[in-house]
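Participant: Structure in structure tokens, see below.
Every number here is computed from the coordinates shown, using simple stated rules; none is lab data. Computed from a prediction, not measured in an experiment: that's the story for all the values here. All Cβ positions, glycine included, derive from the backbone under ideal geometry; neighbour counts span all protein chains shown.
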Amino acid sequence: AQSVTQLGSHVSVSEGALVLLRCNYSSSVPPYLFWYVQYPNQGLQLLLKYTSAATLVKGINDFEAEFKKSETSFHLTKPSAHMSDAAEYFCAVSDHSGDKIIFGKGTRLHILP
Amino acid sequence: NAGVTQTPKFQVLKTGQSMTLQCAQDMNHNSMYWYRQDPGMGLRLIYYSASEGTTDKGEVPNGYNVSRLNKREFSLRLESAAPSQTSVYFCASRNLLSSYNEQFFGPGTRLTVL
């Protein structure tokens, strides 16, 4: 069965600092991986997705993620945090049948002025 | 396109009352999903419908029923609400031409059961 683990339920970074949100997955087949963002009182929006075309994936708002098969990781990064990045971030993996997407428990990102 | 819409946005029920959460999508997606979101638990799948006319249980189906009314609409029913069902409910849809297609989410329904 596929699963996703997000390390750290809360992460705080200073404005302008590097953002790193960690995600590790478990999958017996090549996975499809996603990062979603949820702003307060809103639904989830797709930030980026990995579909095996390239290991480094660029998304919206300068976020990117790198697929590392050897580490079974798909960490999300942004070079310089902005106050508007404060939100909850979810890593997700598509299961083998494609019917379902399995979500991690989420990481809440806090931006310090 | 409106995307995925959900009604109502907020609801307060008393224990034992019933209600139906409505969801509709206008993207011609074949798959639809219902999740609940609770603090520290992430999103948990309640039910999903891979295509019109089919429904399947997810991780936490107890206390819920669903109906895939047509390709556009997927409703979630609580027959006898319990305080443990206090949560935020999200509907999502997906175009399952390929398993790497993402889900699109509605704005959510915030439900409180007293």
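Participant: Calculate the spin-label point distance for residue A:41 paired with residue A:71, positioning each point 7 Å from the Cα along the beta-carbon direction, and give it in nanometres.
Facilitator: The answer from the label model is 3.8 nm.
Participant: Please give, to one decimal in nm, the separation of the simple spin-label points placed at residue B:65 and residue B:19, each 7 Å out from Cα toward the Cβ.
Facilitator: So the two model labels end up 1.8 nm from each other.
Participant: Quick query: amide H of residue B:17 versus all other amide H atoms, modeled in the peptide plane; which residues come in under 5 Å with a sequence gap of 5 or more or a different chain?
Facilitator: B:81
Participant: Hey, another quick one. Using the C-alpha gyration tensor of chain A, what are the square roots of 5 times its eigenvalues, in whole angstrom, with the largest one first?
Facilitator: 23, 14, 12
Participant: Taking the Cα centre of each part, how many Å lie between the stretch A:29-60 and the stretch B:62-114?
Facilitator: That distance is 21 Å.
Participant: In the calculated pair distance distribution of the stretch A:1-61, what percentage of Cα-Cα distances lie above 16 Å? It would help to have the intermediate numbers written out before the result.
Facilitator: Numbers: 1089 of 1830 pairs.
Roughly 60 percent, rounded to a whole number.
Participant: May I pose another question? Return the percentage of antiparallel bridges among DSSP beta bridges fully within chain B, rounded to the nearest 5 %. Can you show the working numbers first?
Facilitator: Values: 34 of 38 bridges.
Given both bridge residues lie in chain B, the antiparallel proportion sits at roughly 90 percent.
Participant: Further, regarding this structure: Calculate the FRET efficiency for residue B:10 and residue B:80 from the Cβ-Cβ distance with a Förster distance of 25 Å, rounded to the nearest 0.05.
Facilitator: Working: r = 20 Å, r/R0 = 0.81.
Calculated value: 0.80.
Participant: Moving to a separate point now. For a Förster distance of 25 Å, can you work out the FRET efficiency between the beta-carbons of residue B:26 and residue A:58, rounded to the nearest 0.05?
Facilitator: Values: r = 29 Å, r/R0 = 1.14.
Between residue B:26 and residue A:58 the formula returns 0.30.
Participant: Right, here's the next one. Filter the GluC sites (Glu not before Pro) in the stretch B:8-114 down to the DSSP loop ones having no more than 16 other Cβ atoms within 10 Å, then list what survives.
Facilitator: Qualifying residues, ordered by number: B:52, B:59, B:79.
Participant: Exceeding 27 Å between C-alpha atoms, which entries from my cross-link table qualify? They are A:105/B:14; A:68/B:57; A:100/B:14; A:100/B:9.
Facilitator: A:105/B:14; A:68/B:57; A:100/B:14
Participant: What are the semi-axes of the equivalent ellipsoid for the stretch B:1-85, taken as the square roots of 5 times the Cα gyration tensor eigenvalues, largest first, in whole Å? Kindly include the intermediate steps, with their values, before the conclusion.
Facilitator: Numbers: eigenvalues 92, 40, 35 Å².
The three semi-axes for the stretch B:1-85 are 21, 14, 13 Å.
Participant: Moving on. Through the Karplus equation 6.51 cos²θ - 1.76 cosθ + 1.60, θ set to phi - 60°, convert the phi angles of the stretch A:11-22 into ³J(HN,Hα) values in whole Hz; use x for Gly and Pro.
Facilitator: Listing the rounded values in order: 10, 10, 9, 7, 4, x, 8, 5, 9, 9, 10, 9 Hz.
Participant: Comparing A:61, A:41, A:24, which has the greatest mean-square fluctuation in the GNM of chain A with Cα pairs linked when under 10 Å apart?
Facilitator: Ranking A:61, A:41, A:24 by mean-square fluctuation puts A:41 first.
Participant: The protein assembly as shown: percent of C-alpha pairs farther apart than 33 Å?
Facilitator: That tail contains 16 percent of the Cα-Cα pairs.
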